[in-house]
Amino acid sequence: MKSIVLPLFVVLFSFISCAQKETPTLTWYTDVSLAAEAAVTAEKPMLLFFTGSDWCGWCHRLQREVFNTATFTTWAESNVILVELDFPKNKVQPQNIKDQNQMLQQQFQVQGYPTIWFVNVVKEGEKYNMSTLKSSGYMAGGPDVWIANAQSIIDGGK
């Protein structure tokens, strides 16, 4: 009897595991040059997410309530190139990413977290030029409210 129960349990567990749907993982760039190249190729604006990944409570809340949802994933895959610009307190980052993030923080005059900037990217010769659309941040109301605001920013910049 024991020899039958164990294989049945394994088969049942396998079916349950396969039946559970997980939200697909999105690609978040950390290198703005690579993200700009992808944005030009895909003809999509970049969403620059200025965050403090290991200390910012509002950043965690935005990720939990919006970015980590199936609704956002579906929208983001079709509409934006995602870029995370992190300012951690304890996490180690490569120096080139720290320098890049610091420069962009100054360029976009980011003073609080989370801050989101939507930017269009145009390639001119060998350089990528960014034109800002508008900034955003955390908004109560879940993914539908956040996405509606984001889409209005993007549509206003076309």
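Only the coordinates and a few stated rules stand behind these numbers; no lab work does. Everything numeric here is computed off the predicted structure, so don't read it as measured data. Virtual Cβ from ideal backbone geometry, glycine too; neighbours counted across all protein chains shown.
At-a-glance table
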{"read-out": "Inter-site label distance for N79 and L34 at 7 Å from Cα along Cβ, in nm", "value": "2.5"}
{"read-out": "Partners for K127 among aspartates and glutamates (Cα-Cα distance below 20 Å; same-chain residues under 8 apart left out)", "value": "D31, E37, E43, D99"}
{"read-out": "√(5λ) per eigenvalue of the Cα gyration tensor, the stretch 19-113, largest first, Å", "value": "22, 18, 12"}
{"read-out": "Long-range tail of P(r) for the stretch 75-158 (Cα pairs > 20 Å, %)", "value": "44"}
{"read-out": "Spacing of the two label points (7 Å from each Cα toward its C-beta) at N68 and Q107, in nm", "value": "3.0"}
{"read-out": "Charge dipole magnitude, Cβ of K and R +1, D and E -1 - the stretch 27-156, Cα centre, debye nearest 20", "value": "320"}
